[in-house]
Amino acid sequence: MESSDFTANVAQLSRLKNNIENGKLAHAYIFEGSKRADKLGFAHAFVAEVIGGDIKNHPDVLEISHEGITIKNEELTLVQEKLMTAPMLANYNIVIIDGADSITPRAQNRMLKTLEEPRTDSIIILLSENSQNLLPTVRSRCLTVRLNDVPYEKSEETLKTEAMARQLLTDVQNGEPFYKLMKTYENAIAVKQDAYVMLDAMQEMLSTIFVEAAITGEAEVIADAIEAIQRANRDLRIGVNPSYAMKNLIIKLEDIL
């Protein structure tokens with residue numbers, strides 16, 4: 001892919017291409033951005049530049065993507081083996097790990113030796129929504145590239161879900177009983193993607209009023225609510241049932257707000 005495919009991150013890709021041309025590649029990267037940043041697409045574009053061709057089915061490129069709680073032991077073994085061997089066709093062996101946020105600290109520690117003593121012909125790329133979820137020892141050995149959201153036109157369904165999220169926050173603040181909230185919103189929180197949209201909309205709403213809350217002395221309350229929403233988001237990423245994660249969030253928000 002060309003950099004023009006990533007207009008929101010053309011500067012980031014351009015800098016990386018310059019590094020490739022100047023022989024200044026890092027051995028480990030963190031590509032950090034929200035769900036709308038197309039981190040995987042950006043990684044594919046970068047890797048295609050590194051190897052100088054199509055990455056599909058390329059023997060020197062390993063991609064790990066998972067929906068479960070964390071990276072599996074056998075997947076981690078594959079990563080380590082890949083990065084310890086010489087590339088077959090390209091100048092580098094490259095591993096992309098999508099959803100690096102959900103890698104357990106124990107598994108991250110297993111990766112440390114690979115990060116601390118890398119082969120000169122190996123590159124590992126961690127895709128993360130929030131690099132603070134990675135161990136400091138991992139972050140310190142990686143070059144972090146922050147990616148912008150890709151502009152998109154929201155569907156009518158997304159707009160409806162966002163409106164419902166704002167109404168849910170209002171209902172919680174107004175003290176609506178839990179059973180009534182569940183009856184009203186149970187369908188909207190049962191689907192993972194809808195739950196993501198609701199969480200993003202609620203966090204955006206609370207972030208907007210945070211400055212005003214600081215003036216009125218309620219900033220700590222809003223910060224606690226935002227933290228609870230972020231925790232629910234992490235729960236979804238590691239495979240927690242959407243209904244359970246959202247119900248747990250509503251209970252916490254009732255206590256906070």
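Taking the chain as a Gaussian network of alpha-carbon nodes connected by springs under 10 Å, the highest mean-square fluctuation of the residues K183, K39, K17 belongs to K183.
Bridging of K180 to lysines at a Cα separation below 18 Å is possible for K247, K252, once same-chain residues fewer than 8 apart are set aside.
Taken as entire DSSP H runs, the helices of the chain that both span 15 Å or more between Cα atoms along their own long axis and average -1.0 or more on the Kyte-Doolittle scale are 10-21, 39-51, 73-84, 156-173, 192-208, 219-237, 242-256.
In this structure, the pairs whose alpha-carbon distance is over 25 Å, taken from K39/K82; K35/K183; K113/K192, are K35/K183; K113/K192. Computed over region 156-256, the percent of Cα pairs more than 24 Å apart is 16.
Evaluated with a Cβ-only charge set (Lys, Arg +1; Asp, Glu -1), the chain carries a dipole of roughly 620 debye about its Cα centre, given to the nearest 20. Rounded to the nearest 500, the 222 nm mean residue ellipticity of the chain from helices alone is -16500 deg cm²/dmol, with -39,500 (n - 2.57) taken per DSSP H run of at least 4 residues.
For region 3-146, the dipole from Cβ point charges (+1 on Lys and Arg, -1 on Asp and Glu) about the Cα centre works out to 400 debye, to the nearest 20. Taking other Cβ atoms within 10 Å as a rough exposure proxy, E162, E227 sort from fewest to most as E227, E162. Here, region 3-146 yields an orientationally averaged convex hull projection of 8.0 nm² when only Cα atoms define the hull.
We did not get these values from a lab; they are worked out from the coordinates using the rules stated. For clarity, every value in this text was computed on a predicted model and none was experimentally measured. Because the Cβ atoms are built from the backbone with ideal geometry, glycine has one as well, and the counts that use them run over all protein chains shown.
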